[in-house]
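Undergrad: My questions will all concern the structure given below.
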Amino acid sequence: MARTVPTSDDDPYAVENLIDPYPMFDRMRAAGPAVWLDRYEVLAFTSDAGVRDILLDYRTFINGAGVGPKNLHHEQAWRPQGILETDPPMHTAMRTAMTDVISPRGVRALREQFQLFADELVDRVLDKGELDGSSDFAEVFPIRAFGDAVGIPREGREENLLPHGAMNFSAFGPENDLHRQYFERGEPTREWVMANCARENLSPDGLGAQIWEHADAGEITPDQATLLVRAMLSAGLDSTVLAIGNTLRCLLENPDQWAIVRENPRYVKFAIDEALRLESPFQSFYRTASVDVDFHGIPIAAGEKVLVFPGAANRDTEKWGQDADRYRVERQAGGHLAFGMGIHQCVGQPISRLEMDVLFTTLATRVATLEPTGTPEPYVHNTLRGSKSLPLRVAA
Ligand code: HEM
């Protein structure tokens, strides 16, 4: 198929671009609706319209061939494909069970237990005064709150959940040194995670057990129930930890915006969405064309992989205005692509939102001073974005 698209020799997976991808995203967006990344031989999309339209058209741009660079129709997946890497009709059955469990009612019931832990955690950080916003705050909350909600044992969570998630998200990028590092660290956690997807190890009142009830009702198979609990445990932790850290960092670096939130905690929800937009935790993933298609004037062949960057689309000035690079809690940031779009849009979104809402509302109502005490260290990962450390001081 003849096509003319600008070519780029940028490497989105080079460490310097992972640490600060935004100048590269600006170049790619300015070049046109798509660029051909020479190094990876793939079309990459960075505009809001391009990424959004690909994600919405799930029949043309499928997930069943994998959400990473490998085509799983021809190559072996590193593990059995879960809900994200399936297409309808199998996806529909799994998604229906999951949305039933993560229903607005089910999620509302979690508020009270999340609040108890948020109070405890904010007490703890106020006692400390100086802390690391990543390891002492962002990591702690989902490991406890989300782990309890799913109903997995408390013992072993810290050592297993984050390395497991980091490995899972590595599979959506290329097999470079970083990928190998995260797989090496994650490999020993697989047994613990899989053991805790089994119904006998899940507490009877958690979300995991509720997934199994759908298997009892014959709506999904036992194998699919295992895969759905696995999806919660592999997709739900790192993403939320990084989102909490990114929100905290945005507030630390923009004291005027923290002042708005402090004065009026009604802005907490907006502060979270704006941080998700500006610093999207899950930066990039792939789709595979199922047919030959002319997409936004670009011919794409059946079987071809395309790389989408929600993290870039969320800073597109065409969509977000000239100040797209600024953190403004008064912006209407809803409609960003940090949770994806279309039939695979994040099914765990209501839980993460509740976790963050409870945590940051508690912080905003009880903490007056929030200030940096050092330079944050970036978390370097092929597809995830956040901070490894976030030195800060708080006072009531
Ligand atoms: C702030 C935190 C989170 C972010 C930024 C996030 C981001 C995303 C994104 C971008 C997608 C779509 C990927 C694609 O289209 O290829 C997705 C899907 C998914 N997420 Fe999340 N996620 C978060 C939290 C969670 C939580 C807490 C859970 C746990 C239940 C979860 C479970 C899933 C699952 C199972 C899918 C696949 C849905 C499907 O294929 O239908 N996520 N997430």
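The values are calculated or read from the model by the stated rules, or taken from the named source; none is laboratory data. No experiment lies behind these values; they were computed from the predicted model shown. A quick note on method: Cβ atoms are made from the backbone with ideal geometry, for glycine too, and the neighbour counts reach across all protein chains shown.
Undergrad: Given the conditions (1) touching a residue at least 24 places away in the same chain (Cβ under 8 Å); (2) closer than 21 Å to Val67 by Cβ, which single one is not true for Ala302?
TA: (1)
Undergrad: Specify which of the listed residues (Gly106, Gly151, Gly156, Gly165) is more than 21 Å from Ala243 (Cα to Cα) and in contact with a Ser or Thr (Cβ under 6 Å, 6 or more places away or on another chain).
TA: Numbers: Gly106 fails: in contact with a Ser or Thr (Cβ under 6 Å, 6 or more places away or on another chain); Gly156 fails: in contact with a Ser or Thr (Cβ under 6 Å, 6 or more places away or on another chain); Gly165 fails: more than 21 Å from Ala243 (Cα to Cα).
Criteria check complete, one pass: Gly151.
Undergrad: Do any residues in the stretch 333-362 that are closer than 15 Å to Tyr58 by Cβ and more than 6 Å from the ligand (Cβ to nearest atom) have Cβ atoms under 6 Å from those of residues that are of a type in the set (Lys, Arg) and part of a helix (DSSP H, G or I), where the two are at least six apart or on different chains, and which pairs are they?
TA: Here the result reads Met341/Arg52, each pair linking the stretch 333-362 to a residue that is of a type in the set (Lys, Arg) and part of a helix (DSSP H, G or I).
Undergrad: Return yes when Lys269 is basic (Lys, Arg) and under 23 Å from Gly245 (Cα atoms) and no when it is not. Spell out how you get there, then give the answer.
TA: Details: basic (Lys, Arg): yes; under 23 Å from Gly245 (Cα atoms): yes.
The answer is yes for Lys269.
Undergrad: Could you please give the count of residues in the stretch 198-246 that are more than 11 Å from the ligand (Cβ to nearest atom), farther than 12 Å from Gly147 by Cα and not aliphatic (A, V, I, L, M)? Talk me through it step by step, then tell me what you get.
TA: First pass over the stretch 198-246, keeping only residues more than 11 Å from the ligand (Cβ to nearest atom): 198-206, 209-210, 212-226.
Still in the running and farther than 12 Å from Gly147 by Cα: 198-201, 204-205, 209-210, 212-226.
Next, from what is left, pick out any that are not aliphatic (A, V, I, L, M): 199-201, 204-205, 210, 212-214, 216, 218-219, 221-224, 226.
Final tally of qualifying residues: 17.
Undergrad: Moving on. From Ser134, Ser103, grab the single residue that is under 23 Å from Val358 (Cα atoms), hydroxyl-bearing (Ser, Thr, Tyr) and touching a Leu at 6+ places or on another chain (Cβ under 6 Å). Spell out how you get there, then give the answer.
TA: Working: Ser103 fails: touching a Leu at 6+ places or on another chain (Cβ under 6 Å).
None of the other options fit; the residue is Ser134.
Undergrad: Looking at this structure, is Gln322 at negative phi, within 16 Å of the ligand (Cβ to nearest atom), free of Cβ contacts under 8 Å to residues at least 12 places away in the same chain and surrounded by fewer than 18 Cβ atoms within 10 Å (Cβ to Cβ)?
TA: Details: at negative phi: yes; within 16 Å of the ligand (Cβ to nearest atom): no; free of Cβ contacts under 8 Å to residues at least 12 places away in the same chain: yes; surrounded by fewer than 18 Cβ atoms within 10 Å (Cβ to Cβ): yes.
Taking the combined requirement at face value, the residue does not satisfy it.
Undergrad: Which of the following residues is surrounded by fewer than 21 Cβ atoms within 10 Å (Cβ to Cβ), under 28 Å from Thr373 (Cβ atoms) and among the acidic types (Asp, Glu): Asp177, Asp100, Asp123, Asp87? Step through it out loud before you land on a result.
TA: On the way: Asp177 fails: under 28 Å from Thr373 (Cβ atoms); Asp100 fails: under 28 Å from Thr373 (Cβ atoms); Asp87 fails: under 28 Å from Thr373 (Cβ atoms).
None of the others qualify; the one that does is Asp123.
Undergrad: Could you tell me whether Pro80 is exposed (fewer than 14 other Cβ atoms within 10 Å of the Cβ), in contact with a Gly (Cβ under 6 Å, 6 or more places away or on another chain) and touching a residue at least 24 places away in the same chain (Cβ under 8 Å)? Reasoning before the result, please.
TA: Details: exposed (fewer than 14 other Cβ atoms within 10 Å of the Cβ): yes; in contact with a Gly (Cβ under 6 Å, 6 or more places away or on another chain): no; touching a residue at least 24 places away in the same chain (Cβ under 8 Å): yes.
Against the criterion (exposed (fewer than 14 other Cβ atoms within 10 Å of the Cβ), in contact with a Gly (Cβ under 6 Å, 6 or more places away or on another chain) and touching a residue at least 24 places away in the same chain (Cβ under 8 Å)), Pro80 does not qualify.
Undergrad: Pick from Ala231, Ala215, Ala198, Ala225: which is small (Gly, Ala, Ser) and modelled with pLDDT under 95?
TA: Numbers: Ala231 fails: modelled with pLDDT under 95; Ala215 fails: modelled with pLDDT under 95; Ala225 fails: modelled with pLDDT under 95.
Going through Ala231, Ala215, Ala198, Ala225 in turn, the sole match is Ala198.
Undergrad: With respect to Leu18, determine if the residue is surrounded by 20 or more Cβ atoms within 10 Å (Cβ to Cβ), modelled with pLDDT of 95 or more, within 11 Å of the ligand (Cβ to nearest atom) and assigned to a helix (DSSP H, G or I). Quick ask: steps written out before the conclusion?
TA: On the way: surrounded by 20 or more Cβ atoms within 10 Å (Cβ to Cβ): yes; modelled with pLDDT of 95 or more: yes; within 11 Å of the ligand (Cβ to nearest atom): no; assigned to a helix (DSSP H, G or I): yes.
It is false that Leu18 is surrounded by 20 or more Cβ atoms within 10 Å (Cβ to Cβ), modelled with pLDDT of 95 or more, within 11 Å of the ligand (Cβ to nearest atom) and assigned to a helix (DSSP H, G or I).
Undergrad: In the stretch 47-87, which residues are of a type in the set (S, T, N, Q), under 26 Å from Ser234 (Cα atoms) and at pLDDT 95 or above? Don't jump to the end; show me each part of the working.
TA: In the first step, residues of the stretch 47-87 are kept if they are of a type in the set (S, T, N, Q); the result is 47, 60, 63, 71, 76, 81, 86.
Next, from what is left, pick out any that are under 26 Å from Ser234 (Cα atoms): 63, 71, 76, 81, 86.
Listed by number, the residues that qualify are Asn63, Asn71, Thr86.
Undergrad: Could you pull out the residue among Glu155, Glu175, Glu75, Glu184 that is away from the ligand (no atom under 16 Å from the Cβ) and part of a helix (DSSP H, G or I)? Show your work before the answer.
TA: Numbers: Glu155 fails: part of a helix (DSSP H, G or I); Glu175 fails: part of a helix (DSSP H, G or I); Glu75 fails: part of a helix (DSSP H, G or I).
Criteria check complete, one pass: Glu184.
Undergrad: List the residue pairs whose Cβ atoms are under 7 Å apart, where the first residue sits in the stretch 210-224 and is in contact (Cβ under 8 Å) with a residue 24 or more places away in the chain and of a type in the set (S, T, N, Q), the second is assigned to a helix (DSSP H, G or I) and surrounded by 14 or more Cβ atoms within 10 Å (Cβ to Cβ), and the two are 6 or more positions apart or on different chains.
TA: Between residues of the stretch 210-224 that are in contact (Cβ under 8 Å) with a residue 24 or more places away in the chain and of a type in the set (S, T, N, Q) and residues that are assigned to a helix (DSSP H, G or I) and surrounded by 14 or more Cβ atoms within 10 Å (Cβ to Cβ), the close pairs are Gln210/Val101; Gln224/Met94.
Undergrad: Among the candidates Val107, Val125, Val67, single out the residue that is closer than 30 Å to Val367 by Cβ and in contact with a strand residue (DSSP E or B) (Cβ under 8 Å, 6 or more places away or on another chain).
TA: Numbers: Val107 fails: in contact with a strand residue (DSSP E or B) (Cβ under 8 Å, 6 or more places away or on another chain); Val67 fails: closer than 30 Å to Val367 by Cβ.
Just one listed residue meets the conditions, Val125.
Undergrad: Could you check the stretch 168-182 and list, in sequence order, the residues that are closer than 16 Å to Tyr13 by Cα and in contact (Cβ under 8 Å) with a residue 60 or more places away in the chain? Talk me through it step by step, then tell me what you get.
TA: The initial filter retains those residues of the stretch 168-182 that are closer than 16 Å to Tyr13 by Cα, namely 169-182.
Within the stretch 168-182, Phe169, Ser170, Ala171, Phe172, Gly173, Pro174, Asn176, Leu178, His179, Tyr182 qualify.
Undergrad: Looking only at the stretch 252-291, how many residues end up being away from the ligand (no atom under 16 Å from the Cβ) and not hydroxyl-bearing (Ser, Thr, Tyr)?
TA: Taking the stretch 252-291 first, the residues away from the ligand (no atom under 16 Å from the Cβ) are 252-267, 291.
Of the ones still in play, those that are also not hydroxyl-bearing (Ser, Thr, Tyr) are 252-266, 291.
So the answer is 16.
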